[in-house]
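*Asks:* Before anything else, here's the structure in question.
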Amino acid sequence: MSHYSTYKFPFASLPAVRIATLLIAGILIGRLMEDYSGRVWVMAGFSLLFVSWAVVEFRYSNRLNVLKTAWATTLYSLLIVTFGAGLYVVNHQQKLEVIQQASPLRLYEWDNLMIEGEITSAGRSSSGRDVYVIAVNNTVFPENVSWRHRYRLRAYADSGRYREVEIGATISAKVQLYEFPEVRNPHEFDYGAWLMARNIVAHGGLDDILAVEPNEGLGWETLRAYIRGNIEALFPEEQVPLAKALMIGYKEELTQQERRSFSRSGLSHIMAVSGMHVGFIIAPFWLAIPLFWRWRRGKWAGLALLTLLLVAYAGLTGFSASVSRASIMAWLLACGKLFHKRRHSINLLATAAILLLIIEPSQLFSVGFQLSFSAVAVILLLMPEAQRLIPERYRYNWKGGFISIILISILVQAALFPVLTAYFGEFSIIGPIANALVIPLLSVTVPAGIIITCMHGGLFGLSEILAVPIGWAITWIGGVANYLGGDIRGYITYSEVSPLLFFLWVFGISTLASIRIKTLRWKMLIGFMACLNLVLADTIIKKTAGQTLAVTMLDVGQGDAIHIKTPSGRHWLVDAGRWSPGGNSGERVIRPYLDHLGVDKLDGVLLTHAHSDHIGGMPSLLPTVEIDTLYQGPYSYDSKLYQTVQRLAYHHNIPVRRLSAGDLLVPDPAIRFFIVGPEGNAPSGHNANNQSVAFRLQYRETSFLFSGDAERRQEQQMIERYGDFLDTEFLKAGHHGSKTSSTSRFIEVVSPEIAAVSLAFNNRYGHPDPEAIRRLSRGETKKYFTSLSGALIFSSDGKIIRKKTVN
């Protein structure tokens, strides 16, 4: 007689997993209730549930029945969920209060202030500038008003300018307060949120230090600075940034290109300083545990030594989520072995998550937390099954160890798939090979490097000798990352990630983890196949649905740079932003934006005219991005920047085509560019603005008009020649909202429903001009400004133009 049985998750033997699941559910609910009323409701609900649970649990403790147990379990579960929600809401409210209390600083952005405070950390940015975090206790505003409010400020200074300032010192300084950073373009790192997560509410340039009171105490930041200083003394300058990243997780000095190479090669985890690093550190202690069993108080001595070792390393690395998680797990595992207690790795992982989330519930939404816990969870779930793939004759020798490294690397990449694609739009497929080339070397490099840096100066010159082979290893690791990460075949890019991929990933991992559980594996496989079909259906629907035109006006400050993605997926760039002695829009905005989208070829670049705020990014783009054709106006321009662009185009064999009114471009079968200016037979004159390439973009029933920097004279020429043909739904307003453009007659003829203006906030030209804005405001025209909103994204399905939100 056969019995039908169902699988039940062993919550009884994994209590921490149950609590962690409920706590995470509560934190997710708390995020939906971030306002103050949510805080009140959560507190009230928690109090009510606690009283109800206490009544059921203790009032009826002498009764043992199914109904009482069910009620107690339900109330207990709801209590944990509510506790998680309350934790997040209270934590979020506290952060909002810190921001609100610091709001007076927003009134003094770009002003010079006097501050007094303690330097709590010091380092160097990837651009080479010195960076300090200052706990400010007094601020003197320009009106000579003293404000004794405590807050944290991040200050920047030229490299080496204030070598005498050490961590813990109290300083009086003159600071120029910067505008607090916001995300201005779709691809940009949210630096403001990064600062807020560290309770830093302001940043600025450190103009001068007026007084310094040295610190005579000792703290974690002082120790970190000591270790970083030793690394700088032991290794050549070119190896120092990577050495700091690998040994103590200090990544601030790595360039963006280096970070990208490690990510694309699947090696970014080795700079996170996570379980692998903690494992390297604790391995000698683990082997020595039997020695502590030999004497009476050996277990407690071992526990004290273990705690000291893990806290010291976590402190040196800044108590990051990955190190804290790994240290907690290592401590619990080692304690279990020391005291002969039963250990379950999944339960210990959940315990670590609980402790970290109670301390800082918002960690749940940080990429570091998600990367760390998802990777370890998948390794713990799948590695036992993966090791069965290793032939038994190799399983316990060096060959098995090497195969295990490759298997772990594959599992880590599988674990990180949803996080990497969601946050970075990239996923490495070359990772297993890169890890096989690096991990064995890293297992020696990290512990040896930490030992010699900690003991530098006390090993009678031995540190300098040992640093040489370690430096070779660091160079090799960096070389592997740069070589494999630089191959475009080694990674996959995703411009849009469907949420269905996450559920496909969950069921896929669950199917593999339950491969030997008959009552569960088929359910997981059915779930996986159902999600796979949904993903395929979603892909088909998107491909067969009406194709979309996307127009993105990037925020490049006082300039123009517009990306056009055609319905069939071709990419055009209209203008390339600004040039300045310190950099240009090509390297700062446009190239990172194209990398974010996974675009390595532009089907066309159209330069409306030759001013530096429209062609400034071309010297960076021409050598680094494949460009099919460069389009520009019929007239040459006398400037070094213009000549540089022409020379680079010739050098890279990029065809240059000149456009004038009456020309037609077909960048996509579904759209047309009708060139409406400038007149090709008109005298060139001296005003390049009135020689702008202006064009009407037509996509089915929707139309866009791009007028470059056309002023009154060119606008009148276009009206005389094209009349009502200029009538479009969308207008890219000319010359950044200048009073010389967007004339009354021109706006009357175009009659746009949407007008978009590209310009910098508080620019020196006084744009936008109030009169020009009044002219644009006639009728029901909706106006948008990059100076206020950052990048502007508009889409068209061929029938309606819609404004999209920047992600």
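*Asks:* Treating cross-link reach as a plain straight distance, find the lysines whose alpha-carbon is under 26 Å from the alpha-carbon of K739, omitting any fewer than eight places away in the same chain.
*Replies:* Cα-Cα hits under 26 Å: K782, K783, K803.
*Asks:* Something else: Which of the chymotrypsin sites (Phe, Trp or Tyr not before Pro) found in region 230-305 are in a DSSP loop and have at most 14 neighbouring Cβ atoms, other than their own, within 10 Å?
*Replies:* W293, W295
*Asks:* Pull up the cross-link candidates among the lysines for K518, meaning alpha carbon to alpha carbon under 28 Å and not fewer than 8 places away within one chain.
*Replies:* Counting by Cα, and skipping residues close in sequence, K518 has these lysines nearby: K8.
*Asks:* Ignoring ligands, DNA and RNA, what percent of the 1.4 Å accessible area of the chain is carbon and sulfur?
*Replies:* 59
*Asks:* Can you give me the relative contact order of the chain as a percent, contacts being Cα pairs under 8 Å and 6 or more apart?
*Replies:* 8
*Asks:* I would also like to ask the following. For N681 and D158 in one chain, what is 0.36 nm times their gap in residues minus the Cα-Cα distance, to one decimal in nm?
*Replies:* Result for the pair: 183.1 nm of gain on full extension.
*Asks:* Moving to a separate point now. Taking Cα atoms of region 255-350, Rg/Rh with Kirkwood Rh, to two decimals?
*Replies:* My calculation puts Rg/Rh at 1.08.
*Asks:* Still on this model: Kindly provide the Kirkwood hydrodynamic radius of region 544-645 in Å, to one decimal, from all pairs of distinct alpha carbon atoms.
*Replies:* Across region 544-645, the inverse of the average 1/r is 13.7 Å.
*Asks:* Report the calculated FRET efficiency for W398 and E771 (r = Cβ-Cβ distance, R0 = 60 Å), to the nearest 0.05.
*Replies:* E(calc), rounded to 0.05, equals 0.15.
*Asks:* Give a residue-ordered list of calculated ³J(HN,Hα) values for region 617-627 (Karplus: 6.51 cos²θ - 1.76 cosθ + 1.60, θ = phi - 60°; whole Hz; x for Gly, Pro).
*Replies:* x, 5, x, 8, 7, 4, x, 10, 10, 5, 10
*Asks:* Further, regarding this structure: Which log10 I(q)/I(0) values does region 345-402 give at q = 0.12, 0.18, 0.23, 0.26 Å⁻¹ under the Debye formula, counting every alpha carbon as one identical point scatterer?
*Replies:* Summing over Cα pairs of region 345-402 leads to -0.43, -0.70, -0.88, -1.01.
*Asks:* Taking the Cα centre of each part, how many Å lie between region 203-275 and region 330-407?
*Replies:* 27
*Asks:* Once each part is reduced to its C-alpha centroid, what is the distance from region 571-589 to region 596-615 in angstrom?
*Replies:* Result: 8 Å between the Cα centres.
*Asks:* Which shape class, rounded, prolate or oblate, goes with region 391-484 when its Cα gyration tensor gives a ≥ b ≥ c as root eigenvalues, a/c under 1.5 marks rounded, and past that a/b bigger than b/c marks prolate?
*Replies:* Oblate.
*Asks:* By average Cβ neighbour count within 10 Å, what is the ranking of 630-637, 79-86 from highest down?
*Replies:* 79-86, 630-637
*Asks:* Which loop-located trypsin sites (Lys or Arg not before Pro) does region 288-335 contain, where loop means any DSSP state but H, G, I, E or B and the Cβ has at most 16 other Cβ atoms within 10 Å?
*Replies:* Answer in residue order: R294, R296, R297.
*Asks:* Quick check: residue separation of N482 and T69 times 0.36 nm, minus the Cα distance between them. What number comes out in nm?
*Replies:* 142.8 nm
*Asks:* Counting only helical runs of four or more DSSP H residues, what would the 222 nm mean residue ellipticity of the chain come to if each run contributes -39,500 (n - 2.57) and the total is spread over all its residues?
*Replies:* -15000 deg cm²/dmol
*Asks:* Let me ask something else about it. In Å³ and rounded to a whole number, note down the convex hull volume per residue for the Cα atoms of region 143-263.
*Replies:* Expressed per residue, the convex hull around the Cα atoms of region 143-263 is 157 Å³.
*Asks:* Compute for region 63-178: radius of gyration divided by Kirkwood radius, i.e. Rg/Rh, restricted to C-alpha atoms, rounded to two decimals.
*Replies:* Across region 63-178, the Cα-based Rg/Rh ratio is 1.31.
*Asks:* Within region 321-362, list the residues whose amide N lies under 20 Å from a label point set 7 Å along Cα→Cβ of R388.
*Replies:* 345-346
*Asks:* Counting Lys and Arg as +1 and Asp and Glu as -1, what is the net charge of the other residues whose Cβ lies under 9 Å from the Cβ of L195?
*Replies:* Computed value for this residue: +3.
*Asks:* Let me ask something else about it. Each residue of region 786-791 in turn: what ³J(HN,Hα) in whole Hz from Karplus with 6.51, -1.76, 1.60 and θ = phi - 60°, glycine and Pro shown as x?
*Replies:* 5, 5, 9, 10, x, 4
*Asks:* Mind giving me the nanometre distance, one decimal, between the label points for Q643 and A193, set 7 Å out from Cα along Cα→Cβ?
*Replies:* Reported label-point gap for Q643 and A193 is 4.6 nm.
*Asks:* Work out the FRET efficiency for H149 and R516 from their Cβ-Cβ distance, taking R0 = 51 Å, and round it to the nearest 0.05.
*Replies:* According to the calculation, E is roughly 0.25.
*Asks:* When the scattering of the chain is computed by the Debye formula from its Cα atoms alone, each counted once and equally, what is log10 I(q)/I(0) at q = 0.07 Å⁻¹?
*Replies:* Here log10 of I(q) over I(0) equals -0.68.
*Asks:* Read phi for every residue in region 184-196 and hand back ³J(HN,Hα) as whole Hz from Karplus 6.51 cos²θ - 1.76 cosθ + 1.60, θ = phi - 60°, with x for Gly and Pro.
*Replies:* 9, 9, x, 8, 6, 5, 7, 5, x, 5, 4, 5, 4
*Asks:* Right, here's the next one. How large is the dipole of region 244-304 about the Cα centre if only Lys and Arg carry +1 and Asp and Glu carry -1, each at its Cβ, rounded to the nearest 20 debye?
*Replies:* Dipole magnitude for region 244-304 comes out near 340 debye.
*Asks:* Another question about this same structure. Could you please put T644, T566 in sequence from largest to smallest accessible area, using a 1.4 Å probe?
*Replies:* T644, T566
*Asks:* Oh, and also: Out of the chymotrypsin sites (Phe, Trp or Tyr not before Pro) in region 189-236, which ones are loop residues according to DSSP with at most 16 other C-beta atoms within 10 Å?
*Replies:* F189
The values are calculated or read from the model by the stated rules, or taken from the named source; none is laboratory data. The structure presented is a predicted model; accordingly, all values stated were derived computationally and were not measured. Reconstructed Cβ throughout: ideal geometry from the backbone, glycine too, with neighbour counts over all protein chains shown. Quick note on the areas: whole protein, heavy atoms, side chains included, nothing else; ligands and nucleic acids left out. Shrake-Rupley method; radii C 1.70, N 1.55, O 1.52, S 1.80 Å.
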